[in-house]
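Read through the structure below, which is laid out as structure tokens, and then see the notes.
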Amino acid sequence: MLELSKLSRHFGGVKAVDELDLVVNKGEIMGLIGPNGSGKSTTVNLITGVYRPSAGTMHFKGSDISQLDLHQRSQLGIARTFQNIRLFGNLTVWQNLWAARVVRETGWKGFRERWLSGAAAAREHSEELLEFADLAHKRDMLASQLAFGEQRRLELIRAAATDAELLLLDEPAAGMNAEEIHDLEARIRSLRDQGRTILLIEHHMELVMGVCDRITVLNFGRKIAEGTPLQVQQDAQVRAAYLGADETAAV
Amino acid sequence: MDFYLGLAQIIGIHTLLGLSAWCVLHTGQVSLAQGGFFAIGAYVAGMMTTIWHWPLLLALAMGAMVACAVAFVVGFPSLRIKGLMLVVATTAFSEIIRLFFFNLKYRVETEGGAVGPDGSLGFGGIRYLPTHGWSTFEVNVLIWALVAVVLLSLWALDRSRVGTLWRAVGEDELAAQSVGINLTTAKVSAFALGGAIAGLAGGVYAHYATHIEHGNFGILLSTFAIAYPILGGLSSLAGTLLAVVFIQGFLLEGLRFMGDWRSLLFGVLIVVVMLVRPNGLLTRPFKLSILHKGRAGAE
């Protein structure tokens, strides 16, 4: 689905992402973890087009996306959530989904869908997403008036509303309590079961280990490990990166 | 009575001007180009009726279309920049347009003498309305009919998906792009529509004023244009209309007895409004933010 090859991004002398090879297969939940400043968010920004790579290539569903604009990548089927929630605050919950709806119909139906009210099928899709996020009763509230957890859920379904095949979730559990994280885990699984591929960037280890099929670990912009949660947990380099080299030596 | 009819004309035209800025502000852009588009509409429509003897409505449409086309062309490069730089660029654009008309001399001999823009002397003799026997009242009907059409169209547009996309872009450009919205299309379409509405307003203005000159289209006009929707609040169109009535009707005319002190009061009142209702006069949720903040602090 997504193939990064020797992808690099340098800021001045800092190699935020350095020759990263990463393959995300269709239908899997891939975790991307690493200590602070290891290049996780930069990787997301490279995949979505916020930054242009300094070197390397990116392929999505077989086609090169490294020169595409952000909105073009989104239209191809890559959607994301943000580490610090970025909703359309003065739009209602419903309008947030409406703005994100991707239109594939052509002709009069497409015109109606794109610019006017929208066809029944698309409205139904939005309804389903609202139910999914338990926000149906708040559809007419402004996004900025929602509680924190609700805003996170809205951002998640706004990304899903674009009909994306690949969802990049940038620290979706940040600031959530245990119960909310439990709900989030179920929702991530459910999104995958609907046929989506997910790249999860997260600090919350319990969530990552519980939900991911495979995990890639970054440190200083380089990949230091990749494998199933169990493999990654037992990797010496990963332990060193997280615990510090001294502790590992002591162990 | 004539005084009020004249005032109603000014309010109507400034409402159109404010609505043109409303379109652009919706996508989060602060543009001081509206005065320039207004000038283009005024000169083009004026030349259409005087030199080429077009019927009024066609001339107005032509003025709006030329202003729209210019906005479209200017929109592409200028909307790549944002914030203060866009303010500077659009201010420069308005000045370029004004200076273009300051220098434009295109006089054509007709039966009644030479007509057309005469450089710094201005462009007089736009006498379509008087020669066709339009009364002030009828001109008012025309202006307010146009205001009604534009208001209703924008109201419908705001409720369509276009309005939602514009607002989304105005709220957060990065998030908007991330859900597949093409920023250039959204911004340029809003800019072009704003240009067309400003051009329409300019065309009407030229005909009721009968004499226009570059000095009418200074930077103050563009400032007023964005002041209306900001003061009225972007969430409703009625806010813009209300702000025009407030500024043109109350502050500029109603307080005329105060002489030069009026300008000072004008500034004070705008500051007060911004403090009490920072998101505009008519905003949702309708609450006084100062009181709200005070209460939150007391808790």
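Take the conditions farther than 16 Å from B:Ala71 by Cβ, of a type outside the set (S, T, N, Q) and at pLDDT 95 or above and apply them to B:Ala156. Does it pass?
Values: farther than 16 Å from B:Ala71 by Cβ: yes; of a type outside the set (S, T, N, Q): yes; at pLDDT 95 or above: no.
In short, no.
Hey, can you tell me all the residues within region B:157-181 that are more than 8 Å from chain A (Cβ to nearest Cβ) and either aliphatic (A, V, I, L, M) or crowded, with 22+ Cβ neighbours inside 10 Å (or both)?
Hits for region B:157-181 are B:Leu157, B:Trp166, B:Val169, B:Gly170.
Please go through region B:171-218 and give me each residue that is β-branched (Val, Ile, Thr) and in contact (Cβ under 8 Å) with a residue 60 or more places away in the chain, ordered by number.
Hits for region B:171-218 are B:Thr184, B:Val188, B:Ile197, B:Val204, B:Thr210, B:Ile212.
Pick from region B:49-74 the residues that are surrounded by 24 or more Cβ atoms within 10 Å (Cβ to Cβ) and more than 12 Å from B:Leu200 (Cα to Cα): which of them is modelled with the highest pLDDT?
The residue in question is B:Ala71.
Name the residue, out of A:Gly89, A:Gly27, that is in contact (Cβ under 8 Å) with a residue 40 or more places away in the chain, in a loop (DSSP other than H, G, I, E, B), within 21 Å of A:Arg192 (Cα to Cα) and open to solvent by less than 40 Å² (accessible area, probe 1.4 Å). Let's see the steps before the verdict.
On the way: A:Gly89 fails: within 21 Å of A:Arg192 (Cα to Cα).
Just one listed residue meets the conditions, A:Gly27.
Looking at region A:122-172, which of its residues are touching a helix residue (DSSP H, G or I) at 6+ places or on another chain (Cβ under 6 Å), of a type in the set (Ser, Thr, Tyr) and in a helix (DSSP H, G or I)?
A:Ser126
Please count how many residues of region B:166-199 are of a type outside the set (Ser, Thr, Tyr), part of a helix (DSSP H, G or I) and within 17 Å of A:Thr81 (Cβ to Cβ). Even if it seems obvious, please write down each step before you answer.
First, pick out the residues of region B:166-199 that are of a type outside the set (Ser, Thr, Tyr): B:166-177, B:179-183, B:186-188, B:190-199.
Adding the requirement that they be part of a helix (DSSP H, G or I) leaves B:166-171, B:173-177, B:183, B:186-188, B:190-199.
Filter again for within 17 Å of A:Thr81 (Cβ to Cβ), leaving B:168, B:171, B:173-177.
Number satisfying all stated conditions: 7.
For region B:6-39, name all the residues that are among the hydrophobic types (A, V, I, L, M, F, W, C) and open to solvent by less than 10 Å² (accessible area, probe 1.4 Å).
B:Ile13, B:Leu16, B:Leu17, B:Leu19, B:Ala21, B:Trp22, B:Cys23, B:Val24, B:Ala33, B:Phe37, B:Phe38, B:Ala39
Can you report the number of residues in region A:185-218 which are part of a strand (DSSP E or B) and open to solvent by less than 30 Å² (accessible area, probe 1.4 Å)?
Number of matching residues: 9.
Is it true that some residue in region B:101-119 is open to solvent by less than 60 Å² (accessible area, probe 1.4 Å), among the aliphatic types (A, V, I, L, M) and part of a helix (DSSP H, G or I)?
The answer is no, given that none of the residues of region B:101-119 is open to solvent by less than 60 Å² (accessible area, probe 1.4 Å), among the aliphatic types (A, V, I, L, M) and part of a helix (DSSP H, G or I).
Hey, could you check region B:256-279 for residues that are open to solvent by 60 Å² or more (accessible area, probe 1.4 Å) and assigned to a loop (DSSP other than H, G, I, E, B) and say which is nearest to B:Gly233 (Cα to Cα)?
B:Asn279
Take A:Pro53 and decide whether it is in contact with a strand residue (DSSP E or B) (Cβ under 6 Å, 6 or more places away or on another chain), open to solvent by 10 Å² or more (accessible area, probe 1.4 Å) and either within 11 Å of chain B (Cβ to nearest Cβ) or assigned to a loop (DSSP other than H, G, I, E, B) (or both).
Yes: the conditions hold for A:Pro53.
Of the residues that make up region A:36-55, is at least one modelled with pLDDT of 90 or more, more than 28 Å from A:Gln233 (Cα to Cα), among the aliphatic types (A, V, I, L, M) and more than 15 Å from the chain's Cα centre (by Cα)?
yes
Specify the residue that is nearest to the other protein chains (Cβ to nearest Cβ); the eligible residues are those in region B:182-192 that are surrounded by 24 or more Cβ atoms within 10 Å (Cβ to Cβ) and hydrophobic (A, V, I, L, M, F, W, C). Step through it out loud before you land on a result.
Restricting attention to region B:182-192, the residues satisfying the condition of being surrounded by 24 or more Cβ atoms within 10 Å (Cβ to Cβ) are B:186-187, B:190-191.
Keeping just the survivors that are hydrophobic (A, V, I, L, M, F, W, C) gives B:186, B:190-191.
Details: B:Ala186: 10, B:Ala190: 14, B:Phe191: 18 Å.
Checked region B:182-192; the qualifying residue nearest to the other protein chains (Cβ to nearest Cβ) is B:Ala186.
Which of the residues that make up region A:61-83 are free of Cβ contacts under 8 Å to residues at least 40 places away in the same chain, farther than 18 Å from A:Met1 by Cβ and assigned to a loop (DSSP other than H, G, I, E, B)?
A:Gln67, A:Asp69
The values are calculated or read from the model by the stated rules, or taken from the named source; none is laboratory data. Just so you know, these numbers come straight off a predicted model, no measurement behind them. As a convention, Cβ positions derive from the backbone with ideal geometry for all residues, glycine included, and neighbour counts pool all protein chains shown. Just so you know, the surface numbers come from the protein's heavy atoms only, side chains and all, with ligands and any DNA or RNA stripped out. Shrake-Rupley method; radii C 1.70, N 1.55, O 1.52, S 1.80 Å.
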